[in-house]
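**Q** Below you will find the structure I want to go over with you.
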Amino acid sequence: MNILKSILGSIAVVTLLLGCQEKVDQTKGPKEASQSKWVSDAVKQANRDVEKYLDFGDRSDFELAERGFLGTLDDPVIKAGSGVPVYDFGAYDFLNADAPDTVNPSLWRQSQLAAKHGLFEVVDGIYQVRGFDLSNITFIRGDTGWIVVDPLISKETAEAARNLVDQKLGALPISAVVFTHSHADHFGGVRGIISDEDVENGVEIIAPEGFVLESVSENILAGNAMSRRASYMFGGLLPRREDGQVGVGLGQAISTGTLGLMKPTIDINKTGQRVTVDGVEMQFIMALGAEAPSEFMFYLPRYRAFCQAEIINHTLHNMLTPRGAKVRDGRVWSQYIDEAVYTYGDKTDVSFGSHHWPVWGQEAVVELWEDQRDLYRYIHDRTLHLANQGVTMNEIPDQLNLPDALAKNFANRGYYGTLSHNSKSQYQLYFGYFDGNPANLNPLNVIDESIKYVDYMGGAEAVIERAKADFEKGEFRFAATALNHVVFAEPKNQTAATLLADTYTQMGYLAESGSWRNFYLTGAKELRDGVLDLPRTETSGMDTISAIPLDMYFDLLAVRLNSEKAIGKDMAINFELTDTGEKAILILSNGTLHHRMGRSDPDAKATLRLTRGALDKINMKTATIADLRGSGDLEIKGDLLALRSFFGLMEEPPFWFEMVRP
């Protein structure tokens, strides 16, 4: 039954994206000497073209990002109680320079803006701490204390933000907390600002409907692979420097402290709903299923201020994240923004969000909102327009160009999401991944396909020579495709792997998207250095584990089942939680695992009886089966060998699986 101890251990931060971040020196990174700093003429020219297309003389965003600055921490390293660093905003000091050849100048500009850190006044009574984590934390003055919006990812970063507020504005109690949506960078630091006792004493927690379920469910079943891919997307393996990770567009990086989760006391379930807390009225617009499954925006009449959550940003967001997630609908996303325009556009003097910097003035606010509205609608509608003409998913990105009025607005640039990835996501939303071409109905698996591909092209040496020629000409996209086939056909061909790494490096230096840059450069690093079996920071805590519904836990067991080994071992197991009254039958049948909630089978092979707290302790590895049996919190009846056999069929997947080699 050892699998029961670790079944949830790999889900570090299951809701965001965070995955598991290894503890490496953010300023150096592992084997940093292998990073290439050479930049091709093609990359230099492409980046110069970006400088010509966009108006880099426009410094208005810098003025907005610096407006209201009140101060920051003297020590740039935020640490856990053990002294382990969880976030270092000083690691990005290298951005205080002109854009180097190794970074797309537009991404460099965005990173300079996102790296600005400290306490800022939005208006008298609303303040933000920015640059202490991937997201912002906002403090709204009520009659007696602070209403805190989106308390970052980690307890440690949220606590540091509150300490800064106390230093600069004076200590006040927390009267309420608002979670705008169900991603962990907007609730994970809650225990850095309030406790269970605070809630018992009347501190309200306001969140959109479905918040708790969505906050723990999005990545549960696919969490291991999503977390591994997140290590690419957020650049956790890369050094923080001009040839490494420079940010991710939405913010700079993810903190690696302690994640918490507290249940809402007030649920918001409809647009137009109004709640007054500590004398401050909030008017809500629901935004379910756009950027997050559970999300809202809200208006503050007292301050003539609008909280745009993460629906409106200073970047094109992801309609499908590279780490993996469910596709987001650009049509619905656009409609939510339009609702904000016609409901609050003429009432709003400042708009602030969960990321980036605010915008002041009705005209500027509405311009940002309308441009973001048009951006998501254009991608959705233009993709469908082309698809209905027979243009396929992989063809659409090269035929989809934003109008200059949108494309030249820095707030619409693809620093986080990309036009290419998002258009493919909208195609996938309606048609799936299949493009309708019969050749793509049943292609060979990637390894066999690569072997045949390399053979058809005359062998690996021939492919490499042609790829070198393309590389020299700056034609990186197909060079990467061809070399990837060689690597999958001949995994030990280091000549191909090195050239592919060099190709990815140049593509990273070209990328305007921080996510794409991190993917390319991390792929290059692992091609050069191999996959390192690094320690992983366990950021999930008891809050997250205990919030997982029992039926979802059983779904996770089903995913972890080795189906081939389970064939012929059909059985039923009763599962009972003695403190909550929950029960279920687990049915193993033909290599599949089913569960029937609220039922028991008198003929089951065994019955497992325990408290929910005992189950959580097992999953957190704070108690053993023997400990819990000895304390009476766990009881096993029936065939112990059958129960042992059942859990022996569960397998915990490896985290550091290959991404760029077979």
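**Q** For Ala626, are the conditions met, namely being buried (at least 19 other Cβ atoms within 10 Å of the Cβ), closer than 24 Å to Glu652 by Cβ and not charged (D, E, K, R)?
**A** On the way: buried (at least 19 other Cβ atoms within 10 Å of the Cβ): no; closer than 24 Å to Glu652 by Cβ: yes; not charged (D, E, K, R): yes.
No: the conditions fail for Ala626.
**Q** Is it true that Asp346 is assigned to a helix (DSSP H, G or I), in contact with a helix residue (DSSP H, G or I) (Cβ under 9 Å, 6 or more places away or on another chain) and either among the charged types (D, E, K, R) or farther than 30 Å from Arg228 by Cα (or both)? Break it down into steps so the answer makes sense when it comes.
**A** Details: assigned to a helix (DSSP H, G or I): no; in contact with a helix residue (DSSP H, G or I) (Cβ under 9 Å, 6 or more places away or on another chain): yes; either among the charged types (D, E, K, R) or farther than 30 Å from Arg228 by Cα (or both): yes.
So Asp346 does not fit the description; no.
**Q** Mind listing just one residue for me: the one in region 141-176 that is in contact with a Gly (Cβ under 6 Å, 6 or more places away or on another chain), in contact (Cβ under 8 Å) with a residue 40 or more places away in the chain and in a loop (DSSP other than H, G, I, E, B) and, of those, farthest from Gln252 (Cα to Cα)?
**A** Restricting to residues being in contact with a Gly (Cβ under 6 Å, 6 or more places away or on another chain), in contact (Cβ under 8 Å) with a residue 40 or more places away in the chain and in a loop (DSSP other than H, G, I, E, B), the top hit is Asp143.
**Q** Does Met226 satisfy the criteria of being in contact with a Pro (Cβ under 7 Å, 6 or more places away or on another chain), among the aliphatic types (A, V, I, L, M) and either closer than 30 Å to Glu526 by Cβ or surrounded by fewer than 19 Cβ atoms within 10 Å (Cβ to Cβ) (or both)?
**A** Criteria not met by Met226.
Here is a yes/no grid of residues against (1) buried (at least 21 other Cβ atoms within 10 Å of the Cβ); (2) closer than 25 Å to Tyr53 by Cβ; (3) among the basic types (Lys, Arg):
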site	(1), (2), (3)
Thr102	yes, yes, no
Ser111	yes, yes, no
Glu121	no, no, no
Ser135	yes, no, no
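**Q** Okay, moving on. Of all residues in region 345-394, which are of a type in the set (Ser, Thr, Tyr) and crowded, with 23+ Cβ neighbours inside 10 Å?
**A** Those that are of a type in the set (Ser, Thr, Tyr) and crowded, with 23+ Cβ neighbours inside 10 Å: Thr348, Ser351, Ser354, Tyr376, Thr383.
**Q** What's the total number of residues in region 456-469 that are touching a residue at least 12 places away in the same chain (Cβ under 8 Å) and surrounded by fewer than 19 Cβ atoms within 10 Å (Cβ to Cβ)? Spell out the reasoning first.
**A** Pass one, region 456-469, residues touching a residue at least 12 places away in the same chain (Cβ under 8 Å): 457, 460, 463-464, 466-468.
The next check asks that each one be surrounded by fewer than 19 Cβ atoms within 10 Å (Cβ to Cβ); those that pass are 457, 466, 468.
Number satisfying all stated conditions: 3.
**Q** If you check every pair at least six apart or on different chains, which have Cβ atoms under 7 Å apart with a residue in region 349-372 that is in a helix (DSSP H, G or I) first and a residue that is surrounded by fewer than 16 Cβ atoms within 10 Å (Cβ to Cβ) second?
**A** Pairs that qualify, where the first residue is in a helix (DSSP H, G or I) and the partner is surrounded by fewer than 16 Cβ atoms within 10 Å (Cβ to Cβ), are Gln362/Asp346; Gln362/Asp349.
**Q** Between a residue in region 256-277 that is loosely packed, with under 13 Cβ neighbours inside 10 Å and any residue that is part of a loop (DSSP other than H, G, I, E, B), which pairs come within a Cβ distance under 8 Å, given they are 6 or more apart or on different chains?
**A** Going by the 8 Å Cβ cut-off, the qualifying pairs are Asn269/Glu209.
**Q** Within region 243-263, can one find any residue that is assigned to a loop (DSSP other than H, G, I, E, B), touching a helix residue (DSSP H, G or I) at 6+ places or on another chain (Cβ under 7 Å), farther than 27 Å from Tyr87 by Cα and among the β-branched types (Val, Ile, Thr)?
**A** Scanning region 243-263, I find no residue that is assigned to a loop (DSSP other than H, G, I, E, B), touching a helix residue (DSSP H, G or I) at 6+ places or on another chain (Cβ under 7 Å), farther than 27 Å from Tyr87 by Cα and among the β-branched types (Val, Ile, Thr), so the answer is no.
**Q** When you check Tyr553 against the structure, is it in a helix (DSSP H, G or I), out of contact with any Cys (no Cβ under 6 Å at 6 or more places or on another chain), under 29 Å from Gly417 (Cα atoms) and of a type in the set (Phe, Trp, Tyr), yes or no?
**A** On the way: in a helix (DSSP H, G or I): yes; out of contact with any Cys (no Cβ under 6 Å at 6 or more places or on another chain): yes; under 29 Å from Gly417 (Cα atoms): no; of a type in the set (Phe, Trp, Tyr): yes.
In short, no.
**Q** Limited to region 585-632, what total is found for residues that are over 23 Å from Met571 (Cβ atoms), out of contact with any strand residue (DSSP E or B) (no Cβ under 8 Å at 6 or more places or on another chain) and part of a helix (DSSP H, G or I)?
**A** 8
**Q** If you take the residues in region 316-343 that are surrounded by fewer than 24 Cβ atoms within 10 Å (Cβ to Cβ) and hydroxyl-bearing (Ser, Thr, Tyr), which one is modelled with the lowest pLDDT?
**A** Thr321
Yes/no per residue for (1) in contact with a Ser or Thr (Cβ under 8 Å, 6 or more places away or on another chain); (2) among the β-branched types (Val, Ile, Thr):
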{"site": "Gly390", "(1), (2)": "no, no"}
{"site": "Asn409", "(1), (2)": "no, no"}
{"site": "Gly414", "(1), (2)": "yes, no"}
{"site": "Leu419", "(1), (2)": "no, no"}
{"site": "Tyr427", "(1), (2)": "yes, no"}
{"site": "Gly436", "(1), (2)": "yes, no"}
{"site": "Pro443", "(1), (2)": "no, no"}
{"site": "Tyr456", "(1), (2)": "no, no"}
{"site": "Ile464", "(1), (2)": "yes, yes"}
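**Q** Let me ask something else. Output the number of residues of region 65-90 satisfying the condition of being under 19 Å from Asp185 (Cα atoms) and of a type in the set (A, V, I, L, M).
**A** Residues in region 65-90 being under 19 Å from Asp185 (Cα atoms) and of a type in the set (A, V, I, L, M): 4 in total.
**Q** In contact with an Asp or Glu (Cβ under 8 Å, 6 or more places away or on another chain), surrounded by fewer than 19 Cβ atoms within 10 Å (Cβ to Cβ) and over 20 Å from Asp278 (Cβ atoms) - does that describe any residue in region 71-78?
**A** yes
**Q** Can I ask one more? Which condition number does Met552 fail, the rest of (1) over 30 Å from Val190 (Cβ atoms); (2) surrounded by fewer than 18 Cβ atoms within 10 Å (Cβ to Cβ) being met?
**A** (1)
**Q** While we're looking at this one, here's another question. As an exercise: evaluate Lys168 against (1) of a type in the set (Lys, Arg); (2) within 21 Å of Gly68 (Cβ to Cβ); (3) crowded, with 24+ Cβ neighbours inside 10 Å and give the number of the one condition it does not meet.
**A** (3)
The values are calculated or read from the model by the stated rules, or taken from the named source; none is laboratory data. Only a predicted model underlies this, so the values are computations on that prediction, with no experimental measurement involved. Every residue, glycine as well, gets a Cβ built from its backbone with ideal geometry; the counts of neighbours run over all protein chains shown.
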